[in-house]
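Asks: Below is one structure. I have some questions about it.
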């Protein structure tokens, strides 16, 4: 699994660790096809929904990560 510089910045900014990201991608509650080759993995962690935007090539490349806000 590889992380873009943007993803690493957002992980630090939002307090999201690599273990949570790996868990969400490997065992998601939901996976959604996004535009292009991008996919979204969602995982509920501590009553919050973590969303990861990534692409699968020879390896998984994490583009960005964030917590979904409930409206």
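The values are calculated or read from the model by the stated rules, or taken from the named source; none is laboratory data. This is a predicted model, so every value here is computed, not measured. Cβ sites come from the backbone with ideal geometry, for glycine too, and all protein chains shown count toward neighbours.
Asks: Answer yes or no as to whether residue 42 is assigned to a loop (DSSP other than H, G, I, E, B) and either loosely packed, with under 14 Cβ neighbours inside 10 Å or within 12 Å of the chain's Cα centre (by Cα) (or both).
Replies: No, not satisfied.
Asks: Separate question: When segment 47-71 is examined, which residues are found to be part of a loop (DSSP other than H, G, I, E, B) and either under 8 Å from the mean Cα position of the chain (by Cα) or under 18 Å from residue 13 (Cβ atoms) (or both)?
Replies: Hit for segment 47-71 is 69, nothing else.
Asks: Please go through (1) in a loop (DSSP other than H, G, I, E, B); (2) out of contact with any strand residue (DSSP E or B) (no Cβ under 7 Å at 6 or more places or on another chain) for residue 9 and return the number of the only condition it doesn't satisfy.
Replies: Result: residue 9 fails condition (1) only.
Asks: Residues of segment 16-34 being over 17 Å from residue 6 (Cβ atoms), modelled with pLDDT under 95 and part of a loop (DSSP other than H, G, I, E, B), which ones?
Replies: none
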